[in-house]
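Here, each number is a calculation from the coordinates, and none is a lab measurement. Since we're looking at a predicted model, the values are computed, not measured. Cβ coordinates were reconstructed from backbone atoms using ideal geometry, including for glycine residues, and neighbour counts include every protein chain displayed.
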Amino acid sequence: MMKISISRRSLTDLVVFTAGFFLCLALAWQMHFRDGKPIPGRGVFASDKSIYYVYLPATFIYGWDVTRFPHRCDTTYRGFVLDYKTGKLLLKMTCGVAILWTPFFVATHAAAVLFDLQPDGFSLFYQKMAIIPPVIFLMLGLYFLKRFLGYYFPPFIVWGSLLFLFAGTNLYYYGLMEGLMSHVHSFFLFSLYLFLLKKFLGSDKSSRSLLTGIFLVASLAILVRPSNLIILAWLLLLDARSWAEVKDRIKSFFRPLNVLTFLIILFIVFLPQFVYWKYASGSFLHYSYGPERFLNWKSPVILPVLFSPLNGLFLYNPMVLLFVAGSVWMIVRRSMNGLLLLLTLALVTYISGSWHMWYFGGSYGARQFVEYYALLSLGSGFFLSEAVRLKNVFIKSLIVLLLTVFSYYNLRMIYYNYWNTSSVWAWDDFRTRLDHAGVLYFSRDNYSYIQDFENITFEPALVQENYMAHTGKLSALLDSRYLYCGIYYANIAQILDQQVCRVSGSLWVSPVTADSTDAELVVSVEDSRHFPWLRKTFPVNRCRTKAGEWSEVKFGSPVPGWLNDQVYRLNVYLHNPGRKTMFVDDIRVKVE
């Protein structure tokens with residue numbers, strides 16, 4: 001009889017990752033459902049997630065016939081488009097996530113049909129089952145990352161790196177809360193890719209099966225997210241000790257047979273996407289993002305990507321600072337891969353800052369970096385291994401405290417996360433965010449609302465344009481369609497910790513054709529029926545506006561103490577009675 005031998009390390013991995021799977025599944029369930037029903041505002045298939053997902057019901061249930069879909073389900077999920085005029089299902093994202101999900105969806109749909117659980121692809125049963133695949137890919141990603149890091153560090157350093165990576169970064173959020181986004185799937189593929197690549201580099205480099213696996217995983221990663229093309233550079237740079245070694249790898253990997261193998265695998269992997277593009281556009285190659293492009297590539301937005309209250313990487317994920325510190329430490333110690341880590345971080349930052357929406361919509365902490373933590377974890381592993389060698393107990397304790405605080409901070413911010421409508425440097429809004437999360441308490445003696453319209457996910461009654469701005473790249477256009485333009489609206493009793501005594505501020509206006517705008521800025525305190533108990537108007541024309549030029553409009557008004565009640569709301573808005581056209585930018589409202 002054949003005996004099956006399981007090593008202690010494999011048994012430990014099995015126990016830990018199995019326990020981790022069920023724990024994460026329970027956490028994901030808690031994030032999405034309450035009393036067995038979806039929590040309002042946390043749709044499993046909402047927004048971009050529906051685009052990645054809808055390939056599956058379209059293929060296996062509806063045969064790409066838009067008339068068979070639940071009526072107007074595209075308006076329910078606000079991601080994909082059912083074009084009833086052309087009969088086409090229009091999707092922006094590629095189908096890589098859907099391919100990875102295929103076996104899970106087929107099993108879910110079979111169960112729904114078998115047990116008559118409303119087998120339409122979108123029912124509550126599908127939503128509940130949809131939290132399982134992301135957790136599986138999260139666990140697999142962490143498992144292969146553990147195997148990869150095991151080549152460089154002892155087990156306790158590896159386990160520590162995985163723990164702080166998971167608890168201390170937005171990988172937690174995109175693995176459990178936003179699991180249908182591409183990032184946890186890319187993280188899994190990146191981890192597997194690094195593991196296979198390291199194994200290949202440690203062999204005699206003649207293993208066709210390993211090389212084929214590397215090419216297959218890389219092709220899937222590129223299909224999941226085309227910008228993942230970056231990882232091909234790791235073939236040449238991972239563990240490279242000199243430029244001579246890089247040149248040798250170029251000669252090795254770019255042999256005609258290897259290039260042909262990669263292109264064939266890439267073509268096969270992308271074949272479903274080519275077919276979809278042909279169906280949707282009439283061409284096998286199609287740019288599906290429309291006007292969304294890398295508009296900032298000549299002047300990328302760098303500092304905000306890293307430090308802005310609007311989803312800045314380090315501000316929401318301070319743990320990544322230790323990844324960077326470890327990378328710098330590696331360079332100082334002349335350890336291999338340190339330069340690769342910083343180059344990768346710099347390249348991803350440049351690409352992110354070049355994208356027209358550099359803050360990536362409703363992200364939590366620069367989601368575009370999540371998959372790259374697989375490589376950057378080498379920096380955290382090096383940092384931890386060097387910290388362990390320190391003889392100073394105080395510094396060691398300080399590092400442990402720092403790691404714990406960063407993890408606590410991340411988890412608190414995740415569980416109290418909400419859609420970020422703030423502007424690029426809206427620090428008062430970030431302080432409020434910290435206060436709501438219970439991270440730090442700030443005395444709110446005054447509050448400044450800032451709107452520079454760089455965050456175009458903010459939706460006042462305005463149309464954002466990108467060719468006219470006072471500062472930055474975007475401003476707002478107020479035209480004949482709008483009689484009113486809302487600027488700031490809040491319950492007056494909840495703005496400060498004390499009574500509101502005064503409201504002041506400014507905005508910049510640029511008329512388009514005529515010098516005069518006829519508009520007026522209004523500060524109003526209203527009751528629940530919108531009756532104004534206080535109304536102050538500030539004519540914009542008094543600033544002697546000129547067509548094509550920016551003029552600053554300032555305002556200020558005292559607020560009587562008796563209006564500081566829960567029933568009253570502060571409303572600041574522009575009234576445009578002449579319905580004239582003007583640009584508006586850099587709004588600031590100060591409440592004190």
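Per-structure values
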| quantity | calculated |
| --- | --- |
| Added length on full extension, which subtracts the Cα-Cα distance from 0.36 nm per residue, R412 to Q498 | 28.3 nm |
| Cβ-derived FRET efficiency at R0 56 Å, S443 paired with H71, nearest 0.05 | 0.60 |
| Alpha-carbon centroid distance for the pair region 81-157 / region 190-258, whole angstrom | 26 |
| 13 Å beta-carbon shell around V439, net charge (K/R +1, D/E -1) | +2 |
| Spin-label pair Y350/T432, simplified geometry with 7 Å Cα→Cβ offset, distance in nm | 3.8 |
| Dipole magnitude (debye, nearest 20) for region 447-591, charges at Cβ of Lys, Arg, Asp, Glu | 360 |
| Relative contact order %, the chain, counting alpha carbon pairs below 8 Å whose residues are six or more apart | 11 |
| Point-charge dipole on Cβ atoms (K/R +1, D/E -1) for the chain, about Cα centre, debye to 20 | 1660 |
| Ranked list, fewest to most other Cβ atoms within 10 Å of each Cβ, for H356, H185 | H356, H185 |
| Between helix 319-332 and the chain: long-axis angle, C-alpha atoms, 0 to 90°, nearest 10 | 50 |
| Under 19 Å from K536, Cα to Cα: lysines that are on another chain or at least 8 residues apart | K554, K590 |
| Net dipole in debye of region 43-130 [+1 Lys, Arg Cβ; -1 Asp, Glu Cβ; about Cα centre; nearest 20] | 200 |
| Computed FRET value (nearest 0.05) for F314 with W29, which takes r as the C-beta separation and R₀ as 35 Å | 0.70 |
| Sites R579 and W419, calculated FRET efficiency, Cβ-Cβ separation with R0 25 Å, nearest 0.05 | 0.25 |
| Net length gained if the chain between Y279 and I395 were fully extended (0.36 nm per residue, minus Cα distance) | 35.7 nm |
| Region 63-128: trypsin sites (Lys or Arg not before Pro) in DSSP loop, at most 16 other beta carbons within 10 Å | R72, R78, K85, K92 |
| Difference of contour (0.36 nm per residue) and Cα-Cα distance, T86 to T537 | 157.4 nm |
| The chain: angle of helix 243-253 to the longest principal axis, Cα-based, in degrees nearest 10 | 80 |
